Every structure is written in C-alpha cells, then in structure tokens.
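Report on the following structure.
The values are calculated or read from the model by the stated rules, or taken from the named source; none is laboratory data. Everything numeric here is computed off the predicted structure, so don't read it as measured data. Heads up, the Cβs are rebuilt from the backbone with ideal geometry, glycines too, and the neighbour counts pull from every protein chain shown.
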Ligand code: GAR
C-alpha cells in the first residue's frame, strides 16, 4: 500500500466557474473571496462583463483573474452576442456560470445550453418581486420581510429552482437604500454558500425544485417579534 504521507500534494479538483457581471461586482467579490479559501471547491476561471465600464472588472483584475469584455453593443442581435459569449466560455473551460449582477436577458436557447449549470442571485425572496427595483416595491407593498435568492436559471426571468435564500426584516424607517444594503450583506453570504453546495455536488434538481442534503433551521422568524 502506498504511504499517504508520500503522496504528491495535489489540490482536489475544483469546479471551474465563469462569473458574469455588468456593474459594481460586489457579489463577484464575495465569490472571489470565497474561492481564495484553501478548501473552497470552486475556482473562477474567467470574469466576463457585457459593459466595458463595469467597476467589477478592476477588482477582478486586482485579484489576478482573467477578465473579458464582450460588449453587447458591438453585436447586432442577442444571438451573435451569445455566440461570442459561448465561444469564450468554452475556451475558458468553465463548467458553471454565476450571474452576479449580469443585467442582460439571455435567450432561452442559451439558458437551455447551460441548464442546471447556470445560477443567479436576485435581490428578493423569489418568486416574489421578480424584476427591477425590488427594494422600492417591497416598501410599497409593506411586507415585513425581504431578502435574496440564489437559483438555477430558467428561460423565464428570475425563475428557476431555488438553492438558497436569506431573509431580512423590513424596519419602520427603511428607505430603499437602507433596505438594499441589508439585503446586499446577505447576498454576499448566500452566493458563496450556494456555490459551495453546487460545487460539492450536494444540490439535485428534481421536478423543478432544488434538493439539498442539509437541515433547515426549525425556528420561525417573527416581525414584529412576539414581545412587541
Ligand atoms: C445585486 O443586488 C444583485 O442581486 C442584483 O444586482 C445587484 C448587483 O450588485 N441582480 C439582479 O437584480 C438580477 N435580477 P453587484 O454588482 O454589486 O453584485
């Protein structure tokens, strides 16, 4: 039998991930930080932006990552844009796409090509509040909780099997900025968590739902709390 202490110090295989951004890239940063941990089961092989001025590109370069701008404005239609995107992704060796504030709608054809291999983060507790301006709409609706969701991408916008969610209370004095900041802090926690679960092969999609081998908390959150 071979002596394990003499085994070459090989890094375990890590899932190769492409991160797609359009702007600030704070969720991308959370993924970069997670992937920098020694035992994290994923690595970022490319960061792609459809906007040349995306702030996140600087941070990705600072982290020494390979970046690529595929400016949608240089293409006559979605299909040719996605053709260039697909070619780059294939060349990068990516096996999973993480949409991190990528604000370009993708065609059903592209989405199906990456079925169960493309995940997205959205600033609401899906399926509630799909689309834009979620914090404003939550405040208008008067819900007591808000949050964020990481889900597999499906052709319908902000739709697909849910992998992870975080829930935050809506406070009486909240405005869209304060509420958005509270949600964003949780986005930065659940995106790395969801990526880790997917990369570890612990998420299975069955009948439109993502099944995870973990135990959910069994306590309820009340807002206002029972002591109010
Ligand atoms: C995040 O709040 C993300 O959830 C949202 O855009 C923001 C990007 O911020 N995405 C969507 O609304 C997608 N439907 P970031 O660039 O700092 O990660």
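The residue pairs whose first member lies in the range 165-192 and is farther than 24 Å from residue 217 by Cβ, whose second member is away from the ligand (no atom under 12 Å from the Cβ), and whose beta carbons are closer than 6 Å, counting only pairs six or more residues apart or on different chains, are 176/136.
A residue that is in a loop (DSSP other than H, G, I, E, B) and under 13 Å from residue 22 (Cα atoms) occurs nowhere in the range 80-99. Would the range 70-93 turn up any residue that is closer than 30 Å to residue 141 by Cβ, surrounded by 16 or more Cβ atoms within 10 Å (Cβ to Cβ) and either in contact with a helix residue (DSSP H, G or I) (Cβ under 7 Å, 6 or more places away or on another chain) or free of Cβ contacts under 8 Å to residues at least 24 places away in the same chain (or both)? Within the range 70-93 (the criterion being closer than 30 Å to residue 141 by Cβ, surrounded by 16 or more Cβ atoms within 10 Å (Cβ to Cβ) and either in contact with a helix residue (DSSP H, G or I) (Cβ under 7 Å, 6 or more places away or on another chain) or free of Cβ contacts under 8 Å to residues at least 24 places away in the same chain (or both)), the answer is no, since none of the residues qualifies.
Yes or no, residue by residue, for (1) outside any helix (DSSP H, G or I); (2) within 13 Å of the ligand (Cβ to nearest atom); (3) crowded, with 16+ Cβ neighbours inside 10 Å:
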position	(1), (2), (3)
116	yes, no, yes
121	yes, yes, yes
131	yes, yes, no
160	yes, yes, yes
164	yes, yes, yes
184	no, yes, yes
191	no, yes, yes
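Scanning for something assigned to a loop (DSSP other than H, G, I, E, B), more than 25 Å from residue 190 (Cβ to Cβ), away from the ligand (no atom under 16 Å from the Cβ) and at pLDDT below 95, does the range 11-18 turn up at least one residue? Taking every residue of the range 11-18 in turn, at least one turns out to be assigned to a loop (DSSP other than H, G, I, E, B), more than 25 Å from residue 190 (Cβ to Cβ), away from the ligand (no atom under 16 Å from the Cβ) and at pLDDT below 95. Go through the residues of the range 22-30 one by one and say whether even a single one is modelled with pLDDT of 95 or more, within 15 Å of the ligand (Cβ to nearest atom), within 26 Å of residue 71 (Cα to Cα) and touching a strand residue (DSSP E or B) at 6+ places or on another chain (Cβ under 6 Å). Taking every residue of the range 22-30 in turn, at least one turns out to be modelled with pLDDT of 95 or more, within 15 Å of the ligand (Cβ to nearest atom), within 26 Å of residue 71 (Cα to Cα) and touching a strand residue (DSSP E or B) at 6+ places or on another chain (Cβ under 6 Å).
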